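The values are calculated or read from the model by the stated rules, or taken from the named source; none is laboratory data. Predicted, not measured: the structure shown is a model, and the values here were computed from it. Here the Cβ is made from the backbone with ideal geometry for all residues, glycine too, and neighbour counts use every protein chain on show. Remember, those area values only see protein heavy atoms, side chains included, never the ligands or the DNA or RNA. Shrake-Rupley method; radii C 1.70, N 1.55, O 1.52, S 1.80 Å.
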Amino acid sequence: MEVKIDIESECPVPYQTSNLKTNLNNVECIGDLKKKLQPLLGVAACDMSVYHKTRRELENREKISNLYVREGDTFIVKFISVCDVHFLSKFLDDMRAFVKDVCEAFSDGDQIMKNIDWNDDRLLAVGNNCYTAVLEDLIRRRERFSPWRSKPTSANKHYFVQEGGLDLLATIYNFASKKRYPLPICVDSTVARHFNDQQTELEIRCLSCLWSLSETKEDRSLLLRKIGLEPILHSLLKDIPDVVDDNRIYDVSRANERSLGCLGGFVELPDVPQIFAENKEALSKIVWLTFNSSDNYHKETAACILFWCTNHPKAARKIIENQCYRLVLEKAQGMLFVTPVVAYFHSLFLANIQTLPEEKLPYDEIQQINQVLEAFLHVVTPSEIGRYEAKHTYVWISLIPFLRLALAGPSRPLETENRQVRPQVSVDPCLEIGTQPGEKSCDTEISNNRGIGPYNFSPVEKIGLFCLCHLANSPDNRELFKKEKLEDYLICVCWFTQRCPEVADLTPKLDGFERLEPPRLESIAKAYLSKCFGEKIM
């Protein structure tokens, strides 16, 4: 039985859409129909929505026999974009061949077999061809998996994952990153060394591919389930002693840096920061890379990872316990900021360390952190960071950590060796909201009891305001503020800043938000408790 296919696509398609037909022979359900249409339309089956006579989308398990389909009937297929089925199918076939002819053929348990016949030209030719094919595919995939926010890119990723691409990539990556060919003693080792070079290059290309596949929260969660954190840490922690040849230092550096991309996405997921922070070696390597990566972008990525780890209280406590923050503080004091963006993430990192309620840093370190934060605010502007994030299409999973800093509240008592010192910040009660001259307000009472007024801002809170200034200018971030129901708190922040002329330049502009409603009383109360009493409400 032959039926017509009408398509509705959000993006242009590279073929004629009229007179599309298919035969329903051997097609039992809608899922089978999608698979049959996949090569015809160039669309991943998982991206298709199929309709017949009604507006109800048909489920994959729906039987064709139950739809009373007649010869010449029309099925409507809706999708967002076609994908590059031809290239991706070749890529998948090449990876399957690599797994079979290299990973399985050369492996002996967890290691590469020791008795490889390096004189077997046929075996080596097959292996070499597999490396060449997969490496070329991994280089060419850049055009299919970027820019990450385009609809064709999403379609390519969906097809790749649907057809088992992630599982294949995980197998190849684990093989390339953890295994090296043993160098023969009695025969020429040139071929074995060449294969090891291919292994290193393959590891680096796999990491780059994984990075490009981990842009959204859903992508990262899927990758974490498929790949896990341990293999990425293995690439991060590779050092010169792990290299077979002395002249491979550059390749080790590339593997270290490519792992940062995946880790930068993973640390925004729940529980990952704590697992990561408990690995002192990995944490120290990230700190080292913020100052010693081969280029600024990787330094900035490493600094971002450090910041995001401190958003998790247990991870932040582990960082304090390991004293990794002291190296960052030492570098920052010496004005050794590599770039404004590294300075930005280091400042956020130190601000989070200082505000951790269960930990009490020494008095001199808190003073030093405050000086670093104030110095940063004098030399970098919110628009500068905003332009950087727009250029690199930063999209955060959550904006709560930034808002939390802006409403961090009064500084806790600062400890010296023999006494507690409270910061002295004067507050004019006449400036308090709802207070007439001569009256004593609740806010003034807070000022007297806590040592800091609710409408003054500490260096930590100023850093939080700095963040909100540029984040509120981005349409994507405005959507996320709305999704996380943070608009009420943004309005409260603006109320607080209006009573403090010192932070007038750091007041977030909310003009881009549509239909802002007055904050709920609950939100006002929570914001006030956080700003005035330091209560943790987010």
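How many residues are in contact with a His (Cβ under 7 Å, 6 or more places away or on another chain) and crowded, with 21+ Cβ neighbours inside 10 Å when one looks only at segment 36-46?
1
Please work out which residue is farthest from the chain's Cα centre (by Cα), limiting yourself to segment 174-197 and to residues that are part of a helix (DSSP H, G or I) and of a type in the set (Lys, Arg). Lay out the reasoning, then the answer.
From segment 174-197, those part of a helix (DSSP H, G or I) are 174-178, 190-197; that's our starting set.
Those still in the list that are of a type in the set (Lys, Arg) too: 178, 193.
Details: Lys178: 24, Arg193: 35 Å.
Out of the qualifying residues, it is Arg193.
Residue by residue, here is whether (1) open to solvent by 20 Å² or more (accessible area, probe 1.4 Å); (2) part of a helix (DSSP H, G or I); (3) touching a Pro at 6+ places or on another chain (Cβ under 9 Å); (4) free of Cβ contacts under 8 Å to residues at least 12 places away in the same chain holds:
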residue: Arg61; (1), (2), (3), (4): yes, no, no, no
residue: Asn66; (1), (2), (3), (4): yes, yes, no, yes
residue: Val77; (1), (2), (3), (4): no, no, no, no
residue: Phe87; (1), (2), (3), (4): no, yes, no, no
residue: Asp93; (1), (2), (3), (4): yes, yes, no, yes
residue: Arg96; (1), (2), (3), (4): yes, yes, no, no
residue: Lys100; (1), (2), (3), (4): yes, yes, no, yes
residue: Cys103; (1), (2), (3), (4): no, yes, no, no
So how many residues does segment 267-282 have that are assigned to a loop (DSSP other than H, G, I, E, B) and either open to solvent by less than 30 Å² (accessible area, probe 1.4 Å) or of a type in the set (A, V, I, L, M, F, W, C) (or both)?
3
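From the list Ser530, Ser523, which one is surrounded by fewer than 20 Cβ atoms within 10 Å (Cβ to Cβ), among the polar types (S, T, N, Q) and part of a helix (DSSP H, G or I)? Working first, answer last.
Numbers: Ser530 fails: surrounded by fewer than 20 Cβ atoms within 10 Å (Cβ to Cβ).
Selected residue: Ser523, the only one of Ser530, Ser523 that is surrounded by fewer than 20 Cβ atoms within 10 Å (Cβ to Cβ), among the polar types (S, T, N, Q) and part of a helix (DSSP H, G or I).
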Pick out the one residue from Cys262, Cys304, Cys206 that is assigned to a helix (DSSP H, G or I), assigned by the TED database to the domain that holds Ser146 and buried (at least 22 other Cβ atoms within 10 Å of the Cβ).
Cys206
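Restricting to segment 10-35, what's the tally of residues that are open to solvent by less than 80 Å² (accessible area, probe 1.4 Å), not small (Gly, Ala, Ser) and not in a loop (DSSP other than H, G, I, E, B)?
Step one: of segment 10-35, the residues open to solvent by less than 80 Å² (accessible area, probe 1.4 Å) are 11, 13, 15, 17-18, 20, 22-24, 27, 29-34.
Filter once more, so that each one left must be not small (Gly, Ala, Ser): 11, 13, 15, 17, 20, 22-24, 27, 29-30, 32-34.
Add one more test, that the residue is not in a loop (DSSP other than H, G, I, E, B), and what stays is 22-23, 29-30, 32-34.
Residues that pass the stated criteria total 7.
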Of the candidates Asn156, Asn129, the one satisfying the condition of being open to solvent by 90 Å² or more (accessible area, probe 1.4 Å) and either of a type in the set (Asp, Glu) or in a helix (DSSP H, G or I) (or both) is Asn129
Hits in segment 367-404 (condition: more than 29 Å from Gly334 (Cα to Cα) and part of a loop (DSSP other than H, G, I, E, B)):
Thr393, Val395, Trp396, Ile397, Ser398, Leu399
All but one of (1) open to solvent by less than 50 Å² (accessible area, probe 1.4 Å); (2) out of contact with any Leu (no Cβ under 9 Å at 6 or more places or on another chain); (3) not aliphatic (A, V, I, L, M) hold for Trp495, so report the exception by its number.
(1)
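Scanning for something of a type in the set (Gly, Ala, Ser), in contact with a helix residue (DSSP H, G or I) (Cβ under 9 Å, 6 or more places away or on another chain), surrounded by 13 or more Cβ atoms within 10 Å (Cβ to Cβ) and outside any loop (DSSP other than H, G, I, E, B), does segment 137-147 turn up at least one residue? Walk me through how you get there before you give the answer.
Within segment 137-147, the subset of a type in the set (Gly, Ala, Ser) is 146.
With in contact with a helix residue (DSSP H, G or I) (Cβ under 9 Å, 6 or more places away or on another chain) added as a condition, the list becomes 146.
Keeping just the survivors that are surrounded by 13 or more Cβ atoms within 10 Å (Cβ to Cβ) gives 146.
From what's left, outside any loop (DSSP other than H, G, I, E, B): none.
No, there is no match, as no residue in segment 137-147 is of a type in the set (Gly, Ala, Ser), in contact with a helix residue (DSSP H, G or I) (Cβ under 9 Å, 6 or more places away or on another chain), surrounded by 13 or more Cβ atoms within 10 Å (Cβ to Cβ) and outside any loop (DSSP other than H, G, I, E, B).
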Only residues that are among the acidic types (Asp, Glu) and either open to solvent by 50 Å² or more (accessible area, probe 1.4 Å) or touching a Phe, Trp or Tyr at 6+ places or on another chain (Cβ under 7 Å) (or both): list them for segment 375-399, please.
Glu384
